[in-house]
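Trainee: Quick one: the structure is below, and I'll ask about it shortly.
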Amino acid sequence: MVEPTLAQVRALVDELWPEAYAEPWDSVGLTTGDPTARVGSVLLAVDPMDDVVAEAVETGADLLLTHHPLLLRGVTSIAADTLKGGQLTRLVRAGVGHIAAHTNADSQLGGVSDALTDVLGVAVRGPLVQTAGAPDGVGIGRWGDRAPTTVRALAQILADALPATVTGVRIAGDPDAEVRRVAVCGGAGDGLFDAVRAVEADVYVTSDLRHHPATEARDTAHRSAGLPHLIDISHWAAESLWLGSAADQLRREASERGWEMRIVVSTRRTDAWTLRIGQEEQHG
């Protein structure tokens, strides 16, 4: 058993979640690190936040593999007293590399949205949006069919399966409506309503639903038998489901290559919300 180089691990990550499948606006792949450095320990997380960077350093990880990019938008400075510069400085000083697998992991078969459909018992029929130039089935979001249930029951499955968050699971529409066809998008998916309507989904499961797209979707639902109903879940919680399967894939591939590499999933919670003050619904 040997420890692989960062270049070898990056090549494996690209094999599992090809960078070519990422959206044009995305920033994936190697952010920082010496390609010749040895990687004996990998930490997986959703977000490259300060707390996760600290966890990588504290646990002696050689590589931090996150779903969200560290450098998605342009920066003009990486000085240590800036947010991104400080994170990069800590990683470089500790000898920790960073790789992001974002929309390439969303699009790939077995990726982020598939982790949600697995939990929901959905037989996937395809992506909501096919990735250009990729094999059939590779794309953003998923849709498919499952045994009849209700919106409320589907939301409860998610509440039971996802890490608990203060925002919980929210429904827009009729909680007792029957559901057979389900559309999902791990992460923020309120830009995909046209695709959701095109597949005639009974319910759409996604995160970060903004007021206007959500209200417009419900306001026009009468044109399609009241569909789609909406289930809104935590962005972090939804995407954290993928980490376990991603870690398993890496362990399996590393073992087949004869690599000695410890692969663990972050224990840090990076959901932003810490408290919700409930309000009794007023009637009359």
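Trainee: I need every pair where a residue in the stretch 1-25 that is closer than 14 Å to ALA37 by Cα has its Cβ under 9 Å from the Cβ of a residue that is among the aromatic types (Phe, Trp, Tyr) and modelled with pLDDT of 95 or more, sequence separation at least 6 or different chains.
Mentor: Pairs that qualify, where the first residue is closer than 14 Å to ALA37 by Cα and the partner is among the aromatic types (Phe, Trp, Tyr) and modelled with pLDDT of 95 or more, are VAL2/TRP259; GLU3/TRP259; PRO4/TRP259; GLN8/TRP259; VAL9/TRP259.
Trainee: What number of residues within the stretch 209-246 are surrounded by 13 or more Cβ atoms within 10 Å (Cβ to Cβ) and either of a type in the set (A, V, I, L, M, F, W, C) or within 19 Å of SER107 (Cα to Cα) (or both)?
Mentor: Qualifying residue count for the region: 19.
Trainee: Within the set of pairs 6+ apart or on separate chains, which have a first residue in the stretch 233-260 that is touching a residue at least 24 places away in the same chain (Cβ under 8 Å) and farther than 20 Å from HIS68 by Cβ, a second that is open to solvent by 20 Å² or more (accessible area, probe 1.4 Å) and in a loop (DSSP other than H, G, I, E, B), and C-beta atoms under 9 Å apart?
Mentor: What qualifies is ALA254/GLU260; ALA254/MET261; GLY258/MET1; TRP259/MET1; TRP259/GLU3; GLU260/MET1; GLU260/GLU3.
Trainee: Could you check the stretch 33-58 and list, in sequence order, the residues that are within 14 Å of GLY97 (Cβ to Cβ), open to solvent by 50 Å² or more (accessible area, probe 1.4 Å) and in a loop (DSSP other than H, G, I, E, B)?
Mentor: ASP34, PRO35, THR36
Trainee: Here's another thing I want to ask about it. Could you run through the stretch 180-195 and say how many residues are of a type outside the set (D, E, K, R) and closer than 17 Å to LEU158 by Cβ? First the steps, then the outcome.
Mentor: Step one: of the stretch 180-195, the residues of a type outside the set (D, E, K, R) are 182-189, 191-193, 195.
The next check asks that each one be closer than 17 Å to LEU158 by Cβ; those that pass are 182-189.
Looking only at that region, the number is 8.
Trainee: Identify, please: which residue in the stretch 77-128 is under 27 Å from VAL39 (Cβ atoms), hydrophobic (A, V, I, L, M, F, W, C) and exposed (fewer than 15 other Cβ atoms within 10 Å of the Cβ) and is, among those, farthest from the chain's Cα centre (by Cα)?
Mentor: My answer is ALA80.
Trainee: When you go through ASP106, ASP51, ASP81, ASP26 one by one, which is the residue that is touching a Cys at 6+ places or on another chain (Cβ under 9 Å) and of a type outside the set (A, V, I, L, M, F, W, C)? I'd like the intermediate steps shown before the answer.
Mentor: Values: ASP51 fails: touching a Cys at 6+ places or on another chain (Cβ under 9 Å); ASP81 fails: touching a Cys at 6+ places or on another chain (Cβ under 9 Å); ASP26 fails: touching a Cys at 6+ places or on another chain (Cβ under 9 Å).
Answer to the check: ASP106.
Trainee: Would you confirm whether or not the stretch 165-179 contains a residue that is surrounded by 21 or more Cβ atoms within 10 Å (Cβ to Cβ) and under 14 Å from GLY141 (Cβ atoms)?
Mentor: Taking every residue of the stretch 165-179 in turn, none turns out to be surrounded by 21 or more Cβ atoms within 10 Å (Cβ to Cβ) and under 14 Å from GLY141 (Cβ atoms).
Trainee: Follow-up question, since we're still on this one. For GLY74, state whether it is more than 13 Å from THR270 (Cβ to Cβ), surrounded by fewer than 20 Cβ atoms within 10 Å (Cβ to Cβ), modelled with pLDDT under 95 and out of contact with any Ser or Thr (no Cβ under 8 Å at 6 or more places or on another chain).
Mentor: On the way: more than 13 Å from THR270 (Cβ to Cβ): yes; surrounded by fewer than 20 Cβ atoms within 10 Å (Cβ to Cβ): yes; modelled with pLDDT under 95: yes; out of contact with any Ser or Thr (no Cβ under 8 Å at 6 or more places or on another chain): yes.
For GLY74, the condition - more than 13 Å from THR270 (Cβ to Cβ), surrounded by fewer than 20 Cβ atoms within 10 Å (Cβ to Cβ), modelled with pLDDT under 95 and out of contact with any Ser or Thr (no Cβ under 8 Å at 6 or more places or on another chain) - is met.
Trainee: Turning to a different aspect of this structure: Within the stretch 11-32, how many residues are over 13 Å from MET261 (Cβ atoms) and assigned to a helix (DSSP H, G or I)? Spell out how you get there, then give the answer.
Mentor: Applying the first criterion (over 13 Å from MET261 (Cβ atoms)) to the stretch 11-32 yields 11, 14-32.
Filter again for assigned to a helix (DSSP H, G or I), leaving 11, 14-16, 19-21.
Result for the stretch 11-32: 7.
Trainee: Of all residues in the stretch 130-144, how many are out of contact with any Ser or Thr (no Cβ under 8 Å at 6 or more places or on another chain) and either surrounded by 16 or more Cβ atoms within 10 Å (Cβ to Cβ) or of a type in the set (Gly, Ala, Ser) (or both)?
Mentor: Step one: filter the stretch 130-144 for residues out of contact with any Ser or Thr (no Cβ under 8 Å at 6 or more places or on another chain), giving 130, 132-133, 135-137, 143.
Pick out the ones that are also either surrounded by 16 or more Cβ atoms within 10 Å (Cβ to Cβ) or of a type in the set (Gly, Ala, Ser) (or both) and you get 130, 132-133, 137, 143.
Count: 5.
The values are calculated or read from the model by the stated rules, or taken from the named source; none is laboratory data. Remember, predicted model here, so these are calculated numbers, not experimental data. Using ideal geometry, Cβ is built from the backbone for each residue, glycine included, and neighbour counts are taken over all protein chains shown. Side chains are part of the model used for accessible areas, which takes the heavy atoms of the whole protein and leaves out ligands, DNA and RNA. Shrake-Rupley method; radii C 1.70, N 1.55, O 1.52, S 1.80 Å.
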